[in-house]
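Since the structure comes first, as structure tokens, the remarks are kept for the end.
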Amino acid sequence: MDFNLSEEHLMIRDAAREFAQTELLPEVIERDNKQEFPQELVKKMGDLGFMGIMVDPKYGGSGMDAVSYVLIMEELSKIDASASVMVSVNNSLVCYGLEAFGTEEQKQKYLTKLATGESIGAFCLSEPEAGSDATSQKTTAIDQGDHYLLNGTKNWITNGGRSDFYLVIAQTDKEKGHRGINAFIIEKGMEGFHIGPKEDKLGIRGSDTHTLQFNDVKVPKENRIGDDGFGFKFAMKTLSGGRIGIAAQALGIASGAYELALKYSKERKAFGTEIANHQAIAFKLADMYTDIEAARMLVMKAAWDKDQGNNYDMSSAMAKLKASDVAMKHTVEAVQIHGGNGFVKEYHVERLMRDAKITQIYEGTSEIQKIVISRGVLRD
Ligand SMILES: Cc1cc2nc3c(=O)[nH]c(=O)nc-3n(C[C@H](O)[C@H](O)[C@H](O)COP(=O)(O)OP(=O)(O)OC[C@H]3O[C@@H](n4cnc5c(N)ncnc54)[C@H](O)[C@@H]3O)c2cc1C
């Protein structure tokens, strides 16, 4: 067992850290206020290979492993979790889904553009009445011979307004239940496809979240991913890897808040000494550091399982559950260590606290992770 990162991994982490410090940090507060993320930054992330981190270079990707993906996600998330969710969805839901289960034609047509950042992708599973219970799909895709006719509503879709390609899950045969669900590739601009207004959110405000509407959208047969009825399995397999990305995002939010709190505690004085010298503050830092290290071990283990070809359903669920709880708990503590300054935007920790909350909700709430983990425990 070797807990050291390789030279290559250290270089990748440093490149992501440098990018986050020089490109993401300067206007992160303005982006949070305005709820926007400029296209130039997406392009820069694409140029660095961050939009197709694990994709085979023959499809335009960077060909890196899941450990590298986690390192990049952590560094981006320390500074801007809105940037990192865009990276996570594009990488582990859209690119992975197409690379693992798409046809060669689908890979050439879509993956090559998504992996370089030339195009952006979205993953559309959630609906107004199908969140945690993703089998209750109301969106339908009815087989019309040479095409499917898609109708329905998807909500909470990350990259919803700015994507070029959308992986949409829909019910084809209601009689077959979850075995009658399929996944389709939808292109922006297809007739009958409408994008609703942007959500006004508590956190990850720079990310682009929309409701999508499909009214009699004609979807070519060749845009179905996998065999007929594979859609639910496709969504679950893809989300399993997505959870590694969100776990790494939570880890980054927690460690970003910790680093700020540590620095502040060595600068701010109260009762004639730096507040770090008060044991109540020093113990908070000790708890933060210990919990973050524990979360990091789980996140790295999940990434390592993926790289080894092991099943990672359980390890990704455990990593997400733990890292998101650590992010929520310790961003609150980071605000506390900053006192009144923690409550204003300039010091960044209030944003990290707001951003932390979503990691307990999307790609399966913490309760859903416990269902996955408990089923695994009881099966063994
Ligand atoms: C900012 C943001 C971005 C998102 N991005 C995407 C995206 O890109 N694509 C996408 O498809 N979705 C996306 N989502 C949707 C997200 O995945 C869902 O919100 C999430 O899965 C929860 O579903 P829900 O909101 O319907 O809550 P519900 O399923 O209604 O859950 C409500 C509460 O009940 C609990 N609960 C439900 N069932 C059980 C159970 N069996 N046992 C115990 N507790 C239970 C839940 O844990 C939760 O606490 C996003 C959401 C947000 C807010």
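The values are calculated or read from the model by the stated rules, or taken from the named source; none is laboratory data. The model shown is predicted, which means the values in this text are computed figures rather than measured ones. Glycine also receives a Cβ, built like all others from the backbone with ideal geometry; neighbour counts cover every protein chain displayed. Accessible surface areas use protein heavy atoms only, side chains included; no ligands, DNA or RNA. Shrake-Rupley method; radii C 1.70, N 1.55, O 1.52, S 1.80 Å.
Among the residues of the range 328-353 satisfying the criterion of being open to solvent by 70 Å² or more (accessible area, probe 1.4 Å) and basic (Lys, Arg), which is nearest to the ligand (Cβ to nearest atom)? Across the range 328-353, the extreme among qualifying residues is 329. Scanning the range 207-231 for residues that are within 24 Å of residue 55 (Cβ to Cβ) and either touching a helix residue (DSSP H, G or I) at 6+ places or on another chain (Cβ under 9 Å) or open to solvent by 60 Å² or more (accessible area, probe 1.4 Å) (or both) yields a total of 10. Go through (1) more than 13 Å from the ligand (Cβ to nearest atom); (2) modelled with pLDDT of 95 or more for residue 211 and report which single condition fails. The failed condition is (1). Looking for something within 30 Å of residue 29 (Cα to Cα), within 15 Å of the ligand (Cβ to nearest atom) and open to solvent by less than 10 Å² (accessible area, probe 1.4 Å) - is there at least one such residue anywhere in the range 181-189? Scanning the range 181-189 turns up no residue that is within 30 Å of residue 29 (Cα to Cα), within 15 Å of the ligand (Cβ to nearest atom) and open to solvent by less than 10 Å² (accessible area, probe 1.4 Å). All of 154, 113 fail the test of being open to solvent by less than 10 Å² (accessible area, probe 1.4 Å), of a type in the set (Lys, Arg) and more than 16 Å from residue 236 (Cβ to Cβ), apart from 154.
Confirm whether residue 85 is within 22 Å of residue 344 (Cα to Cα) and hydrophobic (A, V, I, L, M, F, W, C). Write out each step before concluding.
Working: within 22 Å of residue 344 (Cα to Cα): no; hydrophobic (A, V, I, L, M, F, W, C): yes.
Considered against the rule, which asks whether it is within 22 Å of residue 344 (Cα to Cα) and hydrophobic (A, V, I, L, M, F, W, C), residue 85 comes out as no.
Please return the ranges of strands (runs of 3 or more DSSP E) entirely within the range 75-166 where 3 or more residues are away from the ligand (no atom under 13 Å from the Cβ) and in contact with a strand residue (DSSP E or B) (Cβ under 7 Å, 6 or more places away or on another chain).
Numbers: elements: 121-124, 140-143, 147-158.
Those strands (runs of 3 or more DSSP E) span 140-143, 147-158.
Check whether at least one residue in the range 146-156 is hydrophobic (A, V, I, L, M, F, W, C), more than 13 Å from the chain's Cα centre (by Cα), farther than 28 Å from residue 24 by Cα and not assigned by the TED database to the domain that holds residue 38, and report yes or no. Looking for residues that are hydrophobic (A, V, I, L, M, F, W, C), more than 13 Å from the chain's Cα centre (by Cα), farther than 28 Å from residue 24 by Cα and not assigned by the TED database to the domain that holds residue 38, one finds at least one in the range 146-156, hence yes. Inside the range 187-212, residues that are under 30 Å from residue 366 (Cβ atoms) and of a type outside the set (Ser, Thr, Tyr) make up a count of 15.
Every residue, every condition in (1) modelled with pLDDT under 95; (2) in contact with a Gly (Cβ under 8 Å, 6 or more places away or on another chain); (3) open to solvent by less than 60 Å² (accessible area, probe 1.4 Å), yes or no:
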{"residue": "248", "(1), (2), (3)": "no, no, yes"}
{"residue": "258", "(1), (2), (3)": "no, no, yes"}
{"residue": "262", "(1), (2), (3)": "no, no, yes"}
{"residue": "265", "(1), (2), (3)": "no, no, yes"}
{"residue": "270", "(1), (2), (3)": "no, no, yes"}
{"residue": "291", "(1), (2), (3)": "no, no, yes"}
{"residue": "297", "(1), (2), (3)": "no, no, no"}
{"residue": "317", "(1), (2), (3)": "no, yes, yes"}
{"residue": "322", "(1), (2), (3)": "no, no, no"}
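The single condition among (1) more than 11 Å from the ligand (Cβ to nearest atom); (2) of a type in the set (A, V, I, L, M); (3) open to solvent by 60 Å² or more (accessible area, probe 1.4 Å) that residue 356 does not satisfy is (3).
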